[in-house]
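The values are calculated or read from the model by the stated rules, or taken from the named source; none is laboratory data. Computed from a predicted model, the values in this text were never measured in an experiment. We place every Cβ from the backbone using ideal geometry, glycine too, and count neighbours over all the protein chains shown. These accessible areas exclude ligands, DNA and RNA; they are computed on the full protein's heavy atoms, side chains included. Shrake-Rupley method; radii C 1.70, N 1.55, O 1.52, S 1.80 Å.
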Amino acid sequence: MAPFGLRLPGDIRFGRGKAAEAVPEIAALADRILVIHGRDAHRAGWLLDGLRREGAEVLGLPAAGEPDLEMLEAAVAAARDFGAGAVVACGGGAALDLGKAVAALAGEAHPAAEYLEVVGTGRKLAGPLLPFVAIPTTAGTGAEVTKNAVIGVPDHRRKVSLRDDRMLARLAIVDPSLTDGCPKSVTLASGLDAVVQVIEPYLSPKASIVTDALCEKAIPAGLSALATLMDREEPGARDALAWTSLAGGIALANAGLGAVHGLAGPLGGVTGAPHGAICGRLLQPVLSVHMRVGLPDPADIRIDRVARWIGERLKLGLTGANLDQWVTDQGLPRLGGMGLDPADIPMVAEAARGSSSMKGNPVELSQDQLETILGMAL
C-alpha cells in the first residue's frame, strides 16, 4: 500500500441542524467575532443573531463576489479596526475564501499581496492566525476543508492562492439545510464544481486509498444529486451534493486537482466569470482530450469509469459524451459567453501550464492541447 498523509480541519461536522447547534460554541471563541457572509446578509441572520444572544460582539461583513485583492485588504483592515478575535465565514466559496484569508492575515505586518502565490513575493505567514470557522451555504467548493484561499488580482488578470497548512478551519460545519432552495443557476455551477473536485483527485497520480474511498462514492452520488436538483428541489439530493462537496474538498487538499482547475484559475482572472461555471464548461473538453491522449495506469481505467458514471447518472448513454450539451441545456453559457476572447486563449493556456493545480494532472498537457480544450469550450 502506498504511503499517504491526510490534512483536515480540527473538527468537521456534517448534518442538518449542526450549524445552529454550534452557535454557543462559536460564540465562546472570542469576545469579538467577525462574520463574513454572502451578498445577502439575511441568509446568515440566524448566525449573527445567535452569536449576539450568546453575548458576543459581532461585525457582519459581506463578500459581494469572488474576493479580489482590494476586497481582501478592506476586510483585513475592518477585522483589525474591530479587534476581531475570531472569524466565521457563512456563505458560498467566496465568503469562505475571504474569511479564511482574513483570519490568516489579520495579525500580519506586511501587505496582503506579498503573501500571494505567483504575483507575490513568496512571504510566509508569521502567525498566529485567528481562529476560523467555516459554514458553507452552497455545495460546491469544499473550501471549508482546504488550506488555501483564492484571491483575484485584477492588475495581473489572475486568480491566485494564499496558502498555509495553518489556514485549515478550527471548525467546519456542513449543514445541508443551509443550501435548501439555492437558485438553480447557483446549484448548477457550484454542483459541477463539486463533481469536478472529486473527479480530478480520483485521476491524480497523488491519489491515495483514502481519497479513492471518498471519490468513488462521491462522484456518482454527486452526479445523481445534481441531475435531481436540475429537475426539482429535494432534501436528500441537497444532502448528497453537500457530501460530494465536502468529500471533494478533502480529496483535493490531499491528492491535488488537474487541468480543469489549472485552466479555471487564469480564466477566472481574465473573464471574471464564476469559478464553478468555468469548471463545469471545461469538464467535457478536458475528459475528451485526456481520452484522446491516453493516460497511464490506473488513470486510464478510472477515466472510463468516470465517463460511465456521467452517462448513467445524467442519462446520457454509456460514454457520457453528451455532457457538454447537457450543461448547455441546463443554462450554462460557453466560455465565449462568459467573456473569453479567442485572442486570450494562448495566454490562458500558458498560464495554466505553470499553475499549481496542474501538478495533480495524470499527464502533462502541451500548450497545443490546452488551447484545444479552450477552443472546444469556447
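Would you work out the charge dipole size for the chain about its Cα centre, treating the Cβ of every Lys and Arg as +1 and the Cβ of every Asp and Glu as -1, and quote it to the nearest 20 debye?
The calculated dipole for the chain is roughly 400 debye.
Does anyone have the angle between helix 69-82 and the longest principal axis of the chain? Alpha-carbon axes, 0 to 90°, nearest 10?
With both axes taken from Cα atoms, the answer is about 20 degrees.
Could you point to the residue in Pro296, Ala377, Gly268 farthest towards the positive end of the chain's charge dipole, with +1 and -1 charges on the Cβ of Lys/Arg and Asp/Glu respectively?
The listed residue farthest towards the positive side: Pro296.
What percent does the relative contact order of the range 296-378 come to when contacts are Cα pairs within less than 8 Å and at least six residues apart? Don't skip to the answer; put the middle values down first.
Details: 54 pairs, mean separation 20.3, N = 83.
It rounds to 24 percent for the range 296-378.
Please give me, ordered by residue number, the trypsin sites (Lys or Arg not before Pro) of the range 81-124 that lie in loop per DSSP and have at most 15 other Cβ atoms within 10 Å. Walk me through the numbers before you get to the answer.
Values: sites: Lys100, Arg123, Lys124; in loops: Arg123, Lys124.
Passing both the DSSP loop test and the Cβ count: Arg123, Lys124.
With the radius of gyration and the Kirkwood radius both derived from the Cα set of the range 149-231, what is their ratio Rg to Rh?
Values: Rg = 15.6 Å, Rh = 15.3 Å.
Rg divided by Rh gives 1.02.
The chain: percent of C-alpha pairs farther apart than 25 Å?
Considering the chain, 51 percent of its Cα-Cα pairs are separated by more than 25 Å.
Which net charge results when you count Lys and Arg as +1 and Asp and Glu as -1 among the other residues whose beta-carbon is under 12 Å from that of Pro296?
For residues surrounding Pro296, the net value is -2.
Could you give the Stokes-Einstein D for the range 141-288 in µm² per second, using the C-alpha Kirkwood radius, 10 °C, 1.306 mPa s?
102
How much area per residue is accessible in the range 117-171 when the probe is 1.4 Å and only protein heavy atoms are counted (Å²)?
42
Where q = 0.16 Å⁻¹, what log10 of I(q)/I(0) comes from the Debye formula for the range 339-378, counting one point per Cα?
At q = 0.16 Å⁻¹ the computed log10 ratios are -0.37.
Which value, in Å to one decimal place, does the Kirkwood hydrodynamic radius take for the range 1-110 when every pair of different Cα atoms is included?
For the range 1-110, inverting the mean 1/r across all distinct Cα pairs yields 14.8 Å.
Would you kindly calculate the mean projected area, averaged across all directions, of the convex hull enclosing the Cα atoms of the range 131-179, in square nanometres?
Working: hull surface 16.1 nm².
Computed as one quarter of the Cα hull surface, the answer is 4.0 nm².
From Cα coordinates alone, what are the radius of gyration and Dmax values for the range 258-378 in angstrom?
When restricted to Cα atoms, the range 258-378 yields Rg and Dmax of 13.8, 37 Å.
Accessible area of the chain with a 1.4 Å probe: how many percent of it is carbon plus sulfur?
Of the solvent-accessible surface of the chain, carbon and sulfur hold 52 percent.
Say we join alpha carbon atoms closer than 10 Å with springs in a Gaussian network model of the chain; which of Ala106, Ala94, Ala351 then has the biggest fluctuation?
Of Ala106, Ala94, Ala351, the most mobile in the Gaussian network model is Ala351.
Expressed as a whole number of Å, what is the distance separating the alpha-carbon centroids of the range 172-219 and the range 80-147?
After rounding, the separation between the Cα centres reads 21 Å.
Can you report the principal axis dimensions of the range 211-307 using only the alpha carbons, biggest first, rounded to whole angstrom?
39, 35, 26
For the range 295-367, with the dipole built from +1 on Lys and Arg beta-carbon atoms and -1 on Asp and Glu ones, taken about the Cα centre, which of Asn361, Gly331, Leu316 lies farthest toward the positive end?
Leu316
Counting Lys and Arg as +1 and Asp and Glu as -1, each charge on the Cβ, what is the dipole of the range 236-346 about the Cα centre in debye, to the nearest 20?
Value, rounded to 20: 200 debye.
Output the antiparallel fraction of DSSP beta bridges having both residues in the range 34-191, as a percent to the nearest 5.
25
How much mean residue ellipticity at 222 nm does the chain get from its helices, if each DSSP H run of length 4 or more adds -39500 (n - 2.57) and you divide by all residues, to the nearest 500 deg cm²/dmol? Spell out each step's value before the answer.
Values: 14 runs with 183 residues, N = 378.
Calculated mean residue ellipticity at 222 nm is -15500 deg cm²/dmol.
Roughly how far apart, in whole Å, are the Cα centres of the range 7-39 and the range 220-277?
Taking the Cα centre of each part, the range 7-39 and the range 220-277 sit 22 Å apart.
In Å², and per residue, what accessible area does the range 285-357 have when probed at 1.4 Å with the other protein chains present? Write out the running numbers ahead of the final one.
On the way: 3610 Å² over 73 residues.
Per residue, the range 285-357 has 49 Å² of solvent-accessible surface.
Tell me the Rg and the Dmax, in Å, that the Cα atoms of the range 95-192 produce.
In Å, with Rg to one decimal and Dmax whole: 14.6, 42.
Report the one residue of Trp243, Asn254, Leu229 whose Cα lies farthest in the direction of the positive end of the charge dipole of the range 207-274 (charges on C-beta: Lys and Arg +1, Asp and Glu -1; origin at the Cα centre).
It is Asn254, whose Cα lies furthest towards the positive end.
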